[in-house]
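What follows is a short report on a single structure.
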Protein chains: 2
Amino acid sequence: MSDTHSLDTLVQALRRLPGVGVRSAQRMAFHLLQHDREGAQLLARSLQDAVSQVRHCALCHTFTEGEVCATCQDPRRDASKLAVVETPADQAALERTGAFKGRYFVLMGKLSPLDGVGPRDIGMHKLIERASDGTVQEVILATNFTAEGETTAHVIAQALKNRGLTVTRLARGVPAGSELEYVDLGTIAHALVDRR
Amino acid sequence: MSDTHSLDTLVQALRRLPGVGVRSAQRMAFHLLQHDREGAQLLARSLQDAVSQVRHCALCHTFTEGEVCATCQDPRRDASKLAVVETPADQAALERTGAFKGRYFVLMGKLSPLDGVGPRDIGMHKLIERASDGTVQEVILATNFTAEGETTAHVIAQALKNRGLTVTRLARGVPAGSELEYVDLGTIAHALVDRR
């Protein structure tokens, strides 16, 4: 209907969010317009601010508002260790463990030839440059343990090993707190092979 | 981190969307900033346009950009029949059937005392005014068949019947195309009672 043009446009725009279909988009638009117009305006401003201010760290590729992100600038971090992760969320998960004090390189994606995502898209040349700076002693591959994450780790490992760098991968094994009876066979098999 | 302030603000703003938790909000923010900045700007503009232009139809309460919505203005619609629905989405569902040519009153919600939603919030006085205009011959209650929808229908029916208006309710029964074996007992019981 022509008298709800801006509403229809809003529903279409909401559908560009990942995981949002036409019904969710309608529900979101209805909620914002009926119950939370203040939230709608806040969201509009936040989107504009983020688009204009967020860019990629010149060193590690993660989101930042400066030239270089806070983690890369922090002098207390161990520059000899570089963890390679897929996304800022993965980086945050590693940070929450408190077990890693090195630096990061964030791929902002993963290799996925079927979706047209190649080495250039995950900043492979930048990663190689960063890893070969003479300070980095060990590159820890912390991509996800999915098919695409494993492929990405494999390709990066090959490229870095060819340049004589030490490359490690997060250990595969039985998750903390789990009972063997309920752990999938692939995980137990890996834990057996990688036993120590 | 202070260097991702606008990103954090965006994640918080996205969480105000219904059904979006912190993980979904992070995924959405990541997607927009990494893969679809154009979509983010489009969404920001759409939100602002919708908030500034969408208001409620003076007659039926649905969303419209004019004073009165297109359905209420349409002279081909039968003004003697008034369907009461909860949301514009429910109205759209009725419209898609092509089986109703009357007019609508959209409650933009449902009675829900626990959430503090009373008769005033669903425009009860406006509905009574509209239904008592002398033109409306029949009010068809098409609220949802949920506990809250049924309560809403009951309260509206009482208020309108007290004013001598004809009030009907959508029929309850076995959905088209279904096999009795797989229909829930409450539905079959209703279909038995309402047999014709």
7 Å along Cα→Cβ, label-point gaps from A:Val193 to other copies, nm, shortest first: 6.3
Per-copy distances of the A:Gln158 label point, shortest first, in nm (7 angstrom along Cα→Cβ): 7.4
About the Cα centre, charge dipole magnitude for the protein assembly as shown (Lys/Arg +1, Asp/Glu -1 at Cβ), debye: 80
Cα centre as origin, Lys/Arg/Asp/Glu Cβ charges: chain B dipole, Debye: 400
Residue-wise HN-Hα coupling along the stretch B:179-190, computed from phi with Karplus coefficients 6.51, -1.76, 1.60 (Hz; x: Gly, Pro): 9, 3, 3, 9, 8, 5, 4, x, 5, 5, 4, 4
Per the axis that maps chain B onto chain A, nearest residue of B (Cβ criterion) and its distance in Å: B:Ala44, 2
Beta bridges by DSSP in the stretch A:1-144, antiparallel share as percent, to the nearest 5: 25
Mean residue ellipticity (222 nm) of chain A, computed from DSSP H runs ≥ 4 via -39,500 (n - 2.57), nearest 500: -13500 deg cm²/dmol
Euclidean distance between Cα centres, the stretch A:29-103 to the stretch A:111-156, Å: 19
Taking chain A and dividing mean pair separation by its residue count, relative contact order in percent (alpha carbons under 8 Å, at least six apart): 13
Charge tally in the Cβ shell below 15 Å around A:Lys110, where Lys, Arg are +1 and Asp, Glu are -1, A:Lys110 excluded: -3
Distances in nm from A:Ala99 to the matching label points in the other copies, shortest first (labels 7 Å along Cα to Cβ): 6.0
Sparse-neighbourhood loop sites, GluC sites (Glu not before Pro) in the stretch A:41-86 - DSSP loop, at most 14 other Cβ within 10 angstrom: A:Glu67
Backbone HN-Hα couplings from phi across the stretch A:70-81 [Karplus 6.51/-1.76/1.60, Hz, Gly and Pro as x]: 4, 5, 5, 7, 5, x, 7, 7, 6, 6, 7, 10
Amide H within-cut-off set for B:Val167, under 5 Å, with H built and near neighbours excluded: B:Val139
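Just so you know, all these numbers are worked out from the coordinates, no wet-lab data involved. Computed from a predicted structure; not experimentally measured. Because the Cβ atoms are built from the backbone with ideal geometry, glycine has one as well, and the counts that use them run over all protein chains shown.
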